[in-house]
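**Student:** Below you will find the structure I want to go over with you.
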Amino acid sequence: MVIKQVMAAVAVAFLSGCGGKAVIESDMSRLVAASPSSPWLTVDDNGQKVLVVPGLASKEKVQVTPGVAAAVESRLRRELQPKYFTDLIINCRKLEASASVAAEAEPPTAGLDLSMNCHIVARGLSSSRAYRVHESLPVQPAAPHLERVVPALLEGASKQLADQLWADVLATGVKR
């Protein structure tokens, strides 16, 4: 009887040390690869690939492949490439992303906060600014499907960032 209790305690300790759950894979590599090449637009990679999502019965971990910065940069390129003009450079850094689920909210929602600092040079005129956006989507707490929700949140938040960036490009007073 004592041996069974010791074995059960060891198993619980082992599983809790491993987190008990696997990391949820969220593959965005196709979307990243399909976006246009834009050397004039960069989002520095901070190495963040895993988003911890609190708010459910347990904290879930979602691994974004190839990474959060690559996904954000890809969406920004798709949004801003058609508006590009010569001598435009946008460099963004200090990207931070955090996700959560408000399971008790009515309706339950998953949310993503993105922030970063960007420097814009438009034909010699420059501006720097910190950006912060929030995107949310309804979710079912019992089956949140974070492998699909997190990419959708990243897409929506990145589109908001693109809109704000473009407004600031125009605010520099550059003549296109």
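**Student:** Just to be sure I understand: with springs between alpha-carbon atoms less than 10 Å apart, which residue in Val23, Val72, Val53 has the highest mean-square fluctuation in the Gaussian network model of the chain?
**Tutor:** Sorting by GNM fluctuation, first place goes to Val23.
**Student:** Compute the acute angle (0 to 90°) between the alpha-carbon long axis of helix 146-171 and the principal axis of greatest extent of the alpha-carbon atoms of the chain; round to the nearest 10°.
**Tutor:** For 146-171 against the chain, the angle is about 20 degrees.
**Student:** Before anything else, pin down the relative contact order of the chain: Cα pairs under 8 Å, at least 6 apart, normalised by residue count, whole percent.
**Tutor:** Numbers: 313 pairs, mean separation 36.2, N = 176.
This gives 21 percent for the chain.
**Student:** Mean projection of the alpha-carbon convex hull of segment 22-171 over all orientations, in nm²? Could you put the intermediate results ahead of the total?
**Tutor:** Working: hull surface 35.2 nm².
That works out to 8.8 nm².
Values in this text are rule-based calculations from the coordinates and carry no lab data. Predicted model, so just to flag it, every value in this text is computed and none were measured.
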